[in-house]
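Some notes on the structure that comes next.
The values are calculated or read from the model by the stated rules, or taken from the named source; none is laboratory data. Please read all numbers here as calculations on a predicted model, not as lab measurements. Note that we place each Cβ from the backbone using ideal geometry, even for glycine, and neighbour counts take in every protein chain shown.
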Amino acid sequence: MAILVDERSRLVIQGITGHIGANFATETKRRYPEVLVAGVTPGRGGQAVAGVPVYDAVAEAVARHGCDTALVCVPPAAVTDSVIEAIDAGIRLVSVYAEGVPLHEAVALVAYARQAGARLLGPNASGVLSPGKAGLGEITEGFFPARPGRLGIVSKSGSIMYETVALTTELEGQSTMVCLGGDPVLGTTFRDVLPLFEADPGTAAVVLIGEIGGPDELLAADYVRTMRKPVVAYVSGHAAPPARKMGHAGAIVTGGPDTAAAKTEALRAAGARVAAILPDVPALVQAALAGLPPP
């Protein structure tokens, strides 16, 4: 099985006529032709991209195609309007690809989505993939060496997720891969995704890829302590100097518990198998799937 997206998902791409949206549409339609059903760009209704009809409004796409999932591929200045439009039209999962969304707007969007009972991924989220079923954004089988399997992967970084998949895919395929994004404020966190993997009968073990900055990995550790399924974790940024941003906007050490060392120790104390370096992850995954006790 899978979480968040599968072959029953009906996807609309907002900003489908732009360069990024059109590229994602082409790849998604090639890999999952039944999943991508519509695109939206105001003023471009009546066109088609990759054989997908384009509408002026999300509500029209929902009415015609039953869309329940949206991939937002618009510039940062248009993200707020696009996300609100999608949620108001009844979309339940909205993934925001753009980075650089103003912090105060991200805070408002997270609150708006939660109040409406919708799930927001991102901002700055590469996407989500359930191999053999559905994918959106950069996270598709055309871009990732993924295959169906029992390993759930959740990461803030799409790039490190790619490396994790490349390292582990010979051992085990993936049930679902979720990129949360690297901004300081995120619509979906590790703590939100872990219960979904815990409840998914198709997931046997989980890999959590964290990084410096913020409390998300510490909150995740509190839940890991209660999980029946094994968790393998890696936290990047052990050599990061304080008060300097490392890649993602949210990857900045302000002191205390948001360091890689503190997060690593919290996850280890919660019972996760924690890798010191990313290449250690495959051996820990193999042990987890074999039912061996944590080191």
(Q) If Ser95 satisfies all but one of (1) outside any helix (DSSP H, G or I); (2) within 13 Å of Val185 (Cβ to Cβ); (3) of a type in the set (Ser, Thr, Tyr), what's the number of the condition it fails? (A) (2)
Q. Among (1) modelled with pLDDT of 95 or more; (2) not assigned by TED's automatic domain parsing to the domain that holds Thr203, which single condition is Ala98 missing?
A. (1)
Q | Meets criteria (in contact with a Lys or Arg (Cβ under 8 Å, 6 or more places away or on another chain) and of a type in the set (Ser, Thr, Tyr)) for Thr69 | A | yes
Q: Tell me, yes or no, whether segment 57-66 has at least one residue that is at positive phi, surrounded by fewer than 21 Cβ atoms within 10 Å (Cβ to Cβ) and at pLDDT below 95.
A: no
Q. Taking Arg119, is it under 27 Å from Lys229 (Cα atoms) and out of contact with any helix residue (DSSP H, G or I) (no Cβ under 8 Å at 6 or more places or on another chain)?
A. no
Q: Output the qualifying pairs, or none if there are none: Cβ atoms under 6 angstrom, residues six or more apart or on different chains, first residue in segment 205-221 and under 14 Å from Asp192 (Cα atoms) and modelled with pLDDT of 95 or more, second residue assigned to a loop (DSSP other than H, G, I, E, B) and aliphatic (A, V, I, L, M).
A: Ala221/Ala270
Q.
Against the condition buried (at least 20 other Cβ atoms within 10 Å of the Cβ), over 26 Å from Pro148 (Cβ atoms), of a type in the set (A, V, I, L, M, F, W, C) and free of Cβ contacts under 8 Å to residues at least 40 places away in the same chain, how does Val72 come out, does it pass?
A. no
Q) Looking at segment 234-293, which of its residues are buried (at least 19 other Cβ atoms within 10 Å of the Cβ), assigned to a loop (DSSP other than H, G, I, E, B) and at pLDDT 95 or above? A) Ala270, Ala272
(Q) Suppose we filter segment 141-167 for residues that are crowded, with 23+ Cβ neighbours inside 10 Å and in contact (Cβ under 8 Å) with a residue 40 or more places away in the chain; how many remain? (A) 8
Q: Would you check if there is a residue in segment 38-57 being touching a residue at least 12 places away in the same chain (Cβ under 8 Å) and in a helix (DSSP H, G or I)?
A: no
Q. Any idea which of (1) surrounded by fewer than 21 Cβ atoms within 10 Å (Cβ to Cβ); (2) outside any helix (DSSP H, G or I) is the one Ile16 doesn't satisfy?
A. (1)
